[in-house]
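Peer 1: This is the structure I have questions about; it appears just below.
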Amino acid sequence: MREETFFNYRNFKWMWVHLIALTVILIIYALHDPVGEPAGDTWLGYFLGVLAAAGMTGLMWYAIRKRAYYSSQTTLKGALAVHLWLGLSLSLLVPLHCGFSFGMNVHTLAYVLMMLTILTGVWGAIIYLSMAKEIGSHRGKGSVKELLEKLTLTSTAADSLTLKKSATFISLAQKLDFNFHPTLRDAVFEGEILALDQSVLARQIAELNTDEQSDAVKFIGIVSRKIELINLIRQEVKAQFWMKAWLYLHVPLACLSYAALLIHIISVFYYR
Amino acid sequence: MRIKHTVIIGRKNGQTERVTQDYSKDVLVVGRGGNSDIIMPQNRVALEHLIISLREAGLGITDTSGRKDLYVNDALVSDAILKSGDKIRFGGIEFTVNMSADYCELVENRSEVQEDKIEEAATLSTERLTLRYRLPDFWRIGAWGIIAIFVIYFFLPIVGVNKGSWSSGPISNNHKMIEQDCAACHSSPFSAVEDKACMTCHVMTDHSEKLARLASHRSDLKMRCAECHGEHDGNHASIEKSAESCASCHGDIRSLDPEIRIENVPNFQGHPEFKVDLYKASDSSETVQKSLTNRSELKDLTPIKLNHKVHLAPDLNGPDGSTTLECADCHRPDPATKSFKPISFERDCMSCHPLSFDERLPQAQVPHGEPNEVFDSLYAQYAQIALGLENSKGEDDSVTRTKPGGTVERATSKGVDFARAAILREARQAERELFTKTACQLCHQVTELDIKENENQSKFAVAKPIIPNDWMPGAIFSHPAHDEVKCEECHRTDKVTVRESESTEDVLMSGIKDCQLCHADNHKAGKVQSECVMCHSFHDSIGLSHSDKRSFADLAVSLNKLGR
């Protein structure tokens, strides 16, 4: 059975609720024949405006619900499902409210900001749905902090192996070893570090004194482990980056869009 | 010469501790690797970072890390000779060189507090890999955004900057001059645009007054200009035109007020039969509205006679020979009103009906005017003729022409009286012919007055006609828009068309059924969708009377009142 997410919550219950509501509204809109063009100031315009403003408030309420850890009225997954489908519905409800008339003004700005919020929300939903598996696969291998600690240990282990070794060994170790400074940019934009080329290494090991060869193999093993760890760290950091990055657009845009909504409401009633 | 490595440790309690390591070697390897002489565990140090060696020139230093990470006195070097006081920096570590005659000391300062910080930094390294470490909290960004958007789109418009951002759309072209003055129309906050704002510039004396009267005892019927005249909908003024709006009152208008006499009009299909303005009597200029429903009772009492049938017959005897008249030869279109210019005798009749009065004088005519003017003209023309004939014969010089600058010779009274009597006789005879036989009575109602022959005024009176030019003054009709339709299709009674009409009494106006052949409430019936305002104006007067018009100066005052 497929795992239930906020997307397919209760067999798309909230998707159907919103689709049906939108269909009813679309039928009313099609039958509505107002004086002049359809706009926000007809009875249907006001009704849909009130509905959309309530919807926006409901979407903002999710931020509170998300942090209400002891709420038992609703499940967080259910609340997120409503958040998703309600947000998507608003992208059609608002144009119906204004009769598809847009301009260079604060009213349309509110719509544009809302649409950007919705789009970043869709982006976030896609990230969550597509990364759910990936994040799960990292579990058990440790958090970034644990991985970093392991990395330090392997570095030290590598260092200790270079004690009292020949110049050839040191030069090989110098070539193989590297210092790793984990950065966010590398994790997000750089690819994985390639594993060591064992065939080349075998030749180089052969050139060493026989008493140093076993240490060299160990050293290479440690470096390989280090590369593995670094790649794991990068993957984890990258996943966490994308899971947060969209929020840096979604949340501020939601704030802006709600502020623009308030200004829209005040201004249309100020200059009736 | 020996090389010493001294670490000065600053403890947390403020004390310092000095640890010195002596090296009796000439070449020292410094690095993170276990093979190094001076082992530096720091992560940024290479396994074998640099070599310090005693040379002839002094103490030398060489970067062997391959990372280009060796600075002497902040200058990047790969190899250098050190002197006392030099500062060496690599892999995040700093040495100060302290030379004396028998040793060279590399002094490194370490601080426990600093090392704690390094430790903390290490634990922070996880944090540093998150966006949260790089960027402010997204709620904080949101809060700043809210402040910014309120400043730009709320407070600035309130104080008069960026006001356009509140406008829901472009204002109509005619109001562009007040586009920036929101308060010109929106005089008070949170209340709808009031009519007085419109009236600052516009003057209207019409339907809205009737409406205002109605609203004085039926407040629910109160209407604002803005209810029909929307704004912010683009360059073209938006005017409410839907029939439903009109029908919302006119559908059952009589129920609104018992004094209302006009009929209910639920829609175009239910529009009552047209009414035409007819004169109350032939001698009255007062009109009365009569419905075309009872056609048999309708008579145009205008005191004029015109036989349309005769005039529209082919091959009439025109001034230039045989001619066939078209309607437009007399009813001349007036582009300004989209109707017709009033009939004018001089323009429309005279070419066929010249007002000549004497066969002997084929060119001589009288004016188309008041009977006295006609009589005066006759008298004057006969007098001229009489004088001209006598002069040419030279038989009587008692009356002479006056030459400019010359003297007037007094005529003998006997000669003048004789001439005057002759002229009057001729004039009277011509007058009778004109008024009763050849001209006036053909079209006009002529009556003979009891006037003595020798009096200097006309013996006839003519009933003055006012030819109706606008049968339905309450309606707008565009003749050019109906150019393709033959005139007689609409201009007919229930019995005859205009081409067959012989009597001026015929009211040659068609009823609403003819309109309904092509026009309907909506285009769904395969007809022209026709709103009420296609034929009716909400405002009774289109345009203003001259006294209502303003000078530019007055309009400027109005605009100033609007705060400009």
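The values are calculated or read from the model by the stated rules, or taken from the named source; none is laboratory data. Quick caveat: nothing in here was measured; it's all calculated off a predicted structure. All Cβ positions, even for glycine, are placed from backbone atoms using ideal geometry, and neighbour counts span all protein chains on display.
Peer 1: Here is a check on your reading of the model: is A:Phe6 farther than 30 Å from A:Tyr270 by Cα, among the aromatic types (Phe, Trp, Tyr) and in contact with a Leu (Cβ under 7 Å, 6 or more places away or on another chain)?
Peer 2: Judged against the criteria, A:Phe6 is a match.
Peer 1: Determine if the range B:150-171 includes at least one residue that is more than 10 Å from chain A (Cβ to nearest Cβ), in contact (Cβ under 8 Å) with a residue 12 or more places away in the chain and not charged (D, E, K, R).
Peer 2: For the range B:150-171, residues more than 10 Å from chain A (Cβ to nearest Cβ), in contact (Cβ under 8 Å) with a residue 12 or more places away in the chain and not charged (D, E, K, R): present.
Peer 1: Contact list please: Cβ distance under 8 Å, first residue in the range B:233-250 and more than 11 Å from chain A (Cβ to nearest Cβ), second residue crowded, with 17+ Cβ neighbours inside 10 Å and among the β-branched types (Val, Ile, Thr), pairs at least six apart or on different chains.
Peer 2: If the second residue must be crowded, with 17+ Cβ neighbours inside 10 Å and among the β-branched types (Val, Ile, Thr), the pairs left are B:Cys246/B:Val265; B:Cys246/B:Val533; B:Ala247/B:Val265; B:His250/B:Val265.
Peer 1: Restricting to the range A:234-248, count the residues that are of a type in the set (A, V, I, L, M) and either more than 18 Å from B:Tyr133 (Cβ to Cβ) or at the interface with chain B (Cβ under 8 Å from one of its Cβ atoms) (or both).
Peer 2: Matching residues across the range A:234-248 total 3.
Peer 1: Would you call A:Arg203 part of a helix (DSSP H, G or I), away from chain B (no Cβ under 11 Å), surrounded by fewer than 22 Cβ atoms within 10 Å (Cβ to Cβ) and in contact with a Ser or Thr (Cβ under 8 Å, 6 or more places away or on another chain)? Walk me through it before giving the result.
Peer 2: Values: part of a helix (DSSP H, G or I): yes; away from chain B (no Cβ under 11 Å): yes; surrounded by fewer than 22 Cβ atoms within 10 Å (Cβ to Cβ): yes; in contact with a Ser or Thr (Cβ under 8 Å, 6 or more places away or on another chain): no.
For A:Arg203, the condition - part of a helix (DSSP H, G or I), away from chain B (no Cβ under 11 Å), surrounded by fewer than 22 Cβ atoms within 10 Å (Cβ to Cβ) and in contact with a Ser or Thr (Cβ under 8 Å, 6 or more places away or on another chain) - is not met.
Peer 1: With B:Leu325, B:Leu316, B:Leu292 as the choices, which residue is touching a Lys or Arg at 6+ places or on another chain (Cβ under 8 Å) and in contact (Cβ under 8 Å) with a residue 12 or more places away in the chain?
Peer 2: Answer to the selection: B:Leu292.
Peer 1: Inside the range A:161-170, can you point out the residues that are more than 7 Å from every other protein chain (Cβ to nearest Cβ) and loosely packed, with under 14 Cβ neighbours inside 10 Å?
Peer 2: Hits for the range A:161-170 are A:Ser166, A:Ala167.
Peer 1: Against the condition touching a strand residue (DSSP E or B) at 6+ places or on another chain (Cβ under 8 Å), buried (at least 18 other Cβ atoms within 10 Å of the Cβ), of a type outside the set (Lys, Arg) and outside any loop (DSSP other than H, G, I, E, B), how does B:Glu94 come out, does it pass?
Peer 2: no
Peer 1: Out of A:Phe269, A:Phe169, A:Phe178, I need the residue that is touching a residue at least 40 places away in the same chain (Cβ under 8 Å) and out of contact with any strand residue (DSSP E or B) (no Cβ under 9 Å at 6 or more places or on another chain). Which one?
Peer 2: Just a single option satisfies the conditions, and that option is A:Phe169.
Peer 1: In the range B:44-67, what count of residues is obtained for those that are within 24 Å of A:Val223 (Cα to Cα) and either more than 14 Å from chain A (Cβ to nearest Cβ) or under 60 Å from the mean Cα position of the chain (by Cα) (or both)?
Peer 2: The total comes to 0.
Peer 1: Return the total of residues in the range B:63-88 being closer than 16 Å to B:Asn43 by Cα and either touching a Pro at 6+ places or on another chain (Cβ under 7 Å) or crowded, with 16+ Cβ neighbours inside 10 Å (or both).
Peer 2: Count: 3.
Peer 1: Take B:Ser242 and tell me if it is under 34 Å from the mean Cα position of the chain (by Cα), small (Gly, Ala, Ser) and at pLDDT below 85.
Peer 2: yes
Peer 1: Would you be able to tell me the number of residues in the range B:422-476 that are under 30 Å from B:Lys299 (Cβ atoms) and outside any loop (DSSP other than H, G, I, E, B)?
Peer 2: Here the count works out to 16.
Peer 1: Do we find a residue being within 38 Å of the chain's Cα centre (by Cα), of a type outside the set (S, T, N, Q), surrounded by 15 or more Cβ atoms within 10 Å (Cβ to Cβ) and modelled with pLDDT of 90 or more anywhere in the range B:305-315?
Peer 2: no
Peer 1: Only helices (runs of 4 or more DSSP H) wholly contained in the range B:132-234 count here; list those with 2 or more residues that are farther than 30 Å from A:Ala254 by Cβ.
Peer 2: Qualifying helices (runs of 4 or more DSSP H): B:182-185, B:195-199, B:207-217, B:225-228.
Peer 1: Consider B:Val113 carefully, then state whether it is aliphatic (A, V, I, L, M), closer than 17 Å to B:Val7 by Cα and in a helix (DSSP H, G or I).
Peer 2: Yes, satisfied.
Peer 1: Continuing with this model, one more query. When you scan the range B:324-352, how many residues do you find that are over 15 Å from B:His311 (Cβ atoms), touching a strand residue (DSSP E or B) at 6+ places or on another chain (Cβ under 7 Å) and either loosely packed, with under 14 Cβ neighbours inside 10 Å or of a type in the set (Val, Ile, Thr) (or both)?
Peer 2: Looking only at that region, the number is 1.
Residue by residue, here is whether (1) crowded, with 16+ Cβ neighbours inside 10 Å; (2) touching an Asp or Glu at 6+ places or on another chain (Cβ under 9 Å) holds:
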{"position": "A:Glu3", "(1), (2)": "no, no"}
{"position": "A:Trp14", "(1), (2)": "yes, no"}
{"position": "A:Thr23", "(1), (2)": "no, no"}
{"position": "A:Glu37", "(1), (2)": "no, yes"}
{"position": "A:Tyr46", "(1), (2)": "no, no"}
{"position": "A:Arg65", "(1), (2)": "yes, no"}
{"position": "A:Thr75", "(1), (2)": "no, no"}
{"position": "A:His83", "(1), (2)": "yes, no"}
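Peer 1: Return the only residue of A:Leu208, A:Leu253 being crowded, with 18+ Cβ neighbours inside 10 Å, under 30 Å from A:Ala132 (Cα atoms) and aliphatic (A, V, I, L, M).
Peer 2: A:Leu253
Matching residues to (1) surrounded by 13 or more Cβ atoms within 10 Å (Cβ to Cβ); (2) over 30 Å from B:Ile3 (Cβ atoms):
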{"position": "B:Val107", "(1), (2)": "yes, no"}
{"position": "B:Tyr133", "(1), (2)": "no, yes"}
{"position": "B:Tyr153", "(1), (2)": "yes, yes"}
{"position": "B:Pro157", "(1), (2)": "yes, yes"}
{"position": "B:Ile171", "(1), (2)": "yes, yes"}
{"position": "B:Ala184", "(1), (2)": "yes, yes"}
